[in-house]
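Engineer: Take this structure first; my questions come after.
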Amino acid sequence: MKRTTLFFLILVLLMAASCGPRPTPAPTPTPSGPRTLTVMTHDSFDASEEVIAQFEAETGATVKFLKSGDTGAALNQAILSKGAPLADVFYGVDNTFFSRAIQADIFEPYASPVLADIPSELELDPQHRLSPVDFGDVCLNYDKAWFQEKGRTPPATLDDLTKPEMKGLLVVENPATSSPGLSFLVATVGHFGEDGYRDFWAELRDNDVLVTAGWEDAYWGQFSAASDGDRPIVVSYATSPAAEVYFSEGKYTEPPTGNVLGDGACFRQIEFVGILKGTPNRDLAEKWIDFMLSPTFQEDIPLHMWVFPANPQAELPEVFQFAEVPSKPARVSPEDIDQNRERWIEAWTETVLH
Amino acid sequence: METRGQGDKERGRIHLVSLPPLLRVFLYLIPLTFLALFYFYPLFSIFRLSLAPEGQLALTALRGLVSTPYYVRTLWFTLWQAAFSTLLTLLAALPAAYVFARYQFRGKSLLQALTTIPFILQTMVVAAAFTSLLGHRGWVNKILMAIPSATLRAGLGFDRPPINLVHTLVIILLAHVFYNYTIILRMVGGFWANLNPQLEAAARTLGASPWRAFWEVTLPLLRPALIAASLLVFLFDFTSFGVILILGGPRYATLEVEIYRQAVNLFNLPVAAALSLLQIGCTFGLMVTYTRLQKRITVPLQLRPRQITARRPRTRGERWLVGINVTAMILLLVVPLLSLAERSLSTGQPGYSLAYYRELSVNRQSSIFFVPPLLAVRNSLIFAGATVGLALTLGLISAWLLARQQGRLGRLLDPVFMLPLGTSAVTLGFGYIVALARPPLNLRASPVLVPLAHTLVALPFVVRSLLPVIRGIHPHLREAARVLGASSWRVWWEVDLPIVGRALLVGAVFAFTVSLGEFGATVFVARPQMPTMPVVIYRFLGQPGAINYGQALAMSTLLMIVCAVGFLAIERFRYGEIGEF
């Protein structure tokens, strides 16, 4: 019976342990004493320890990060917690979700003095509820080795994808479940217009385009340059080739993949930060936004998140020489995206999947 | 049929050994409070916000939902693929459950531990394993295309990759069997192991064929565990998400996938809530049917210790039976795991290296989110330990009360305990955000929420593995103890608990698995800074580059090892008094 007793004792102890000490909930409303700034963000957020430590040293506050899923899931949680915010600041709204965020009325205006250094074309909110932090282009990547081996020319424009020799080569993400997937769909709407994008996708369908749920299964599951898959063209980011070099441990001195940068073939995602309504730490939150836009944080962005800093004063790391910038990305306004997103996705689903 | 009638009469007597009413109410309150706080309250909150934002039911957003053939098709697909997957899983795993219950052979515990690992693996990782085996450029295609004779290759159509399972129904079904095989093996096999083999032997002596002895003696005795396990498999397939989304591709959608799309991508909460209600309604309906059915099939059992029931295979036929089953298990369940481990060791250079594993403990970019692998393992184990503790405690109380509750109350409560398994994770996750915002329940961003949410998924496993055994405890045993002067508490402690030991272990294994694999709503809530192994795997999968992918596979391999070691450790308890009696 002793063993039984012991086993049961462990059970009870475990249960007690899991219910026992609860960490102090919610940021403390008193501005005195040690303070915590909570930053809610998406899973792709990353930064250097030293950079965060510098902010903590400057302000005397601790920064806590709440990662809350992909951009959509994180933003929805921020909206659901309106009135009792989970955090002081939210980072990671992009221009495809911009209108949803603004309409939900969860951000407080704050005109950071550092915004003066940021190009005005990245600013989308005249009331400064959301400030631009970084931008990146969703582009097609192709497997250089594959095209070289077959002695074929990689695509240069969107129209190239519908040629017969491109049959069965492309994998894209479903715009209904993926952020780069939606961005690429928006790029095609921007390039071909309301009248033409469905025809383009119908041609892609006839050309045997493969659709995956998200970026991970497209890149790691189907893209021939990164997996056992057999698709040499994928919807990814213009910085992915540079990341391939950086994360190859010296194996590559130049990218194994290339970008398709033709006119309107890419879509520019801009990411924003804002102060959540109802925060008791407004002063700290303001400092955090100034800090995110300052060169110290901005120079930390490229290697951690593989996007470009919004502040042109920030110097880029060497490997970003491989991160190409499309000269003419497709331009579609956030209002347009918000008003038409569902209709475009439905039309796309109708055209490509049925 | 005679024994059954007798059983019914005897089962009625269970009420004789009932508790004082006040204590019973108190005991009921423990699991019910848990469900009320962490299931019903969050669910109610998100439904109220979604369907009645201004306090009044606003159903305009739902108009047209019922009439849309798309949703009817989705519901239909959800149901039939789950039923079909469950049937296939049963067919694949039942022979193995028999072999595991009746025969002793070398490497049995290790094999059993290995077959449970698929349960915890992330779909992305499983997809990688399947692609490297069955993909266009996978092993199977390479082998088939390597047939030496060119004419034979052409004749069979093997001159191009013959197997192409990307985004097909076949791969969905295959993945469901791969994931849920262990539920049948462990729940049915564990129950079977304690059945008295002499009953079947007696039938054989009386002239029954082996098939008839199984059909008329063993199967009726096995039925409670069989149906309970099938039910769990069905519910897992019914709420299938990653498998459908990633392996099945965009043409397939279950209710769970559609709820996720509506809630996360479109932020159409009313439709998401309506579909969630439909999903919960289906689960409840199924459970009510099951509870009624179960009432009729429960028979008092003569349970026997495992040393008596299992033996070494003796005849050539028996050895073949064991051999074929073990080979099938290795091919279906172990080879994909090995292919993952193999890939985590190959860095593109010839030969194998531990480079990706070494890289795991280097914070090259001094990232603030870097987690040393051991810390991730520790975090995972803390959550898993807490989940096992909570789920076993709550599960024991619930199962014990339910076993005694034969009336209407029991028929109503039993399904309630299963509901969390048939509830969309994203709905519940969003419910937590809305509901758990105020003290004392301000748990939205607290690590405590993690084991609580895992327990919701683990609890049905514990209850389902315990109930058939508790219900099957022969009333005579309890009565004898009572007659000898034991209190109800002591009867439970000295009669019930030792007999249910084996089922308790099965429950513990699943609770551990559910938590290690990060099932349930925690995927959709803001995570505290206690990253577990699956969280680390996702972080690596989020960026391009060979090192990131290599590290994701290395971490997955570590997760498999931790999982296997955990199972073997839990199984050690069997050698204590508890598993045997």
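Engineer: Give me the one-decimal nm value for the distance between modelled label points at residue A:327 and residue B:268, 7 Å along each residue's Cα-to-Cβ direction.
Structural biologist: Calculated label separation equals 4.2 nm.
Engineer: Would you kindly state how much longer the chain becomes between residue B:84 and residue B:209 on full extension, computed as 0.36 nm times their sequence separation minus their alpha carbon distance, in nm to one decimal?
Structural biologist: Contour length minus the Cα-Cα distance gives 42.0 nm.
Engineer: For residue B:327, put the label point 7 Å out on the Cα→Cβ axis and report which residues of segment B:137-181 keep their amide N under 14 Å from it.
Structural biologist: Hits in segment B:137-181 for residue B:327 at 14 Å: none.
Engineer: From the square roots a ≥ b ≥ c of the eigenvalues of the alpha-carbon gyration tensor of segment A:199-350, which class results: rounded (a/c under 1.5), prolate (a/b over b/c), or oblate? Present the calculation step by step, with values, prior to reporting the outcome.
Structural biologist: Numbers: a/c = 2.12, a/b = 1.26, b/c = 1.68.
Taking the square roots of the gyration eigenvalues as a ≥ b ≥ c, segment A:199-350 is oblate.
Engineer: Taking 7 Å along the Cα-to-C-beta vector as the label spot, tell me the residue B:170-residue A:339 distance in nanometres, rounded to one decimal.
Structural biologist: 4.8
Engineer: Just to check I understand the Karplus step: with θ = phi - 60° and J = 6.51 cos²θ - 1.76 cosθ + 1.60, what whole-Hz values come out for segment B:351-361, glycine and proline as x?
Structural biologist: x, 9, 8, 9, 3, 5, 5, 5, 4, 4, 9
Engineer: For a bin width of 10 Å, list the pair-distance distribution of segment B:104-203 built from all Cα-Cα distances, rounded to whole %.
Structural biologist: Calculated over all Cα pairs of segment B:104-203, the distribution is 13, 28, 25, 19, 11, 3 percent.
Engineer: Now a separate question. Where in segment B:272-297 does the label zone of residue B:58 land, with the point 7 angstrom along Cα→C-beta and an amide N cut-off under 20 Å?
Structural biologist: Counting only backbone N, you get B:272-277.
Engineer: Continuing with the same structure: On the first, second and third principal axes, largest extent first, how far apart are the outermost C-alpha atoms of the protein assembly as shown in Å?
Structural biologist: 88, 80, 56
Engineer: If you take the Cα Rg of chain A and divide it by 2.2 N^0.38 Å, with N the number of residues, what do you get?
Structural biologist: That ratio works out to 1.12.
Engineer: Another question, then. Can you tell me the FRET efficiency between residue B:312 and residue B:342 if r is taken as the Cβ-Cβ distance and R0 is 35 Å, rounded to the nearest 0.05?
Structural biologist: Once rounded, the FRET efficiency stands at 0.60.
Engineer: Beyond 34 Å, what share of the Cα-Cα pairs of chain B remains, rounded to the nearest whole percent?
Structural biologist: 44
Engineer: Between segment A:59-99 and segment A:192-224, how far is it from one alpha carbon centroid to the other, in angstrom?
Structural biologist: Each part reduced to its Cα centre gives a spacing of 30 Å.
Engineer: Can you tell which of A:215, B:516, B:466 lies farthest toward the positive end of the dipole of the protein assembly as shown, using +1 and -1 charges on the Cβ of basic and acidic side chains (Lys, Arg; Asp, Glu)?
Structural biologist: So the residue we want is B:466.
Engineer: Moving on. With r as the distance between the Cβ atoms of residue B:68 and residue A:104 and R0 = 30 Å, compute the FRET efficiency 1/(1 + (r/R0)^6) and round to 0.05.
Structural biologist: Plugging the Cβ-Cβ distance into 1/(1 + (r/R0)^6) gives 0.70.
Engineer: Nearest 20 debye, what's the magnitude of the dipole of segment B:74-180 about its Cα centre given +1 on Lys and Arg Cβ and -1 on Asp and Glu Cβ?
Structural biologist: About 280 debye.
Engineer: Right, another one. At 0.36 nm per residue, and after removing the present C-alpha to C-alpha distance, how many nm does the segment from residue B:302 to residue B:163 gain when stretched out fully?
Structural biologist: Length gained, residue B:302 through residue B:163: 45.2 nm.
Engineer: I've got another one for you. Nearest 0.05, what FRET efficiency do residue B:354 and residue A:253 give at R0 = 22 Å with Cβ-Cβ as r?
Structural biologist: 0.30
Engineer: Let me ask another. Run the reach check for residue A:163 against aspartates and glutamates, Cα to Cα strictly under 15 Å, same-chain hits fewer than 8 apart removed. What comes back?
Structural biologist: The qualifying aspartates and glutamates are A:199, A:203, A:206, A:208.
Engineer: Please list the non-local residues whose amide H lies under 5 Å from the amide H of residue A:66, H modeled 1.01 Å from N, same-chain partners needing a gap of 5 or more.
Structural biologist: It is A:39, A:40, A:41, by chain and number.
Engineer: Now, a different point. How many times 2.2 N^0.38 Å is the alpha carbon radius of gyration of segment B:434-581?
Structural biologist: Compared with the compact-globule rule of thumb, segment B:434-581 sits at 1.41.
Engineer: What are the ³J(HN,Hα) couplings of segment A:341-352, residue after residue, when phi is run through the Karplus curve with 6.51, -1.76, 1.60 and θ = phi - 60°? Round to Hz, x for glycine and proline.
Structural biologist: 3, 4, 5, 4, 5, 4, 4, 4, 4, 4, 6, 8
Engineer: Ok, one more. To the nearest 20 debye, what charge dipole does the protein assembly as shown have about its Cα centre, counting +1 at the Cβ of each Lys and Arg and -1 at the Cβ of each Asp and Glu?
Structural biologist: Once rounded to the nearest 20, the dipole reads 6300 debye.
Engineer: What is the ratio of the Cα radius of gyration of segment A:137-215 to 2.2 N^0.38 Å, with N the residue count, to two decimals?
Structural biologist: Rg over 2.2 N^0.38 Å, computed on Cα atoms: 1.09.
Engineer: So, one more: Can you pull the semi-axes for segment A:275-354, root of five times each eigenvalue of the Cα gyration tensor, sorted largest first, whole Å?
Structural biologist: Gyration-tensor ellipsoid for segment A:275-354: 33, 24, 11 Å.
Engineer: Between residue A:133 and residues 5 or more places away or on another chain, which pairs have amide H atoms under 5 Å apart, with H built 1.01 Å from N, and which residues are they?
Structural biologist: Close amide H contacts, sequence-distant or interchain: A:271, A:272, A:273.
Engineer: Taking the Cβ of residue A:102 as the centre, find all other residues whose Cβ is under 15 Å away and add up their charges (Lys, Arg: +1; Asp, Glu: -1).
Structural biologist: -4
Engineer: Could you work out the equivalent-ellipsoid semi-axes for segment A:54-135, taking the square root of 5 times each eigenvalue of the Cα gyration tensor, largest first, in whole Å?
Structural biologist: Here the semi-axes work out to 20, 20, 12 Å.
Engineer: Another question, then. Zone of residue A:62 (label point 7 Å along Cα→Cβ, backbone N under 13 Å): which residues in segment B:514-538?
Structural biologist: B:529-530, by backbone N distance to the label point.
Engineer: Under a straight-distance cross-link criterion of Cα-Cα below 26 Å, which lysines are reachable from residue A:287, leaving out those fewer than 8 residues away in the same chain?
Structural biologist: Answer for residue A:287, where 26 Å is the Cα cut-off: A:64, A:67, A:82, A:277, listed by chain and number.
Engineer: Go through A:150/B:142; A:167/A:251; A:144/A:328 and tell me which ones have a Cα-Cα distance over 26 Å in this structure.
Structural biologist: A:167/A:251
Engineer: Could you derive backbone 3J(HN,Hα) for segment B:319-336 from the dihedral phi with the Karplus parameters 6.51, -1.76 and 1.60 (θ = phi - 60°), listing whole Hz in sequence and x where the residue is Gly or Pro?
Structural biologist: Coupling constants for segment B:319-336: 5, 4, 4, 5, x, 5, 5, 5, 4, 4, 5, 5, 5, 6, 10, 8, 4, x Hz.
Engineer: A further question on this structure: About the Cα centre of segment B:307-346, how large is the charge dipole given +1 on each Lys and Arg Cβ and -1 on each Asp and Glu Cβ? Please answer in debye to the nearest 20.
Structural biologist: 300
Here, each number is a calculation from the coordinates, and none is a lab measurement. In this text, all values refer to a predicted model and were calculated from it rather than measured experimentally. Every residue, glycine as well, gets a Cβ built from its backbone with ideal geometry; the counts of neighbours run over all protein chains shown.
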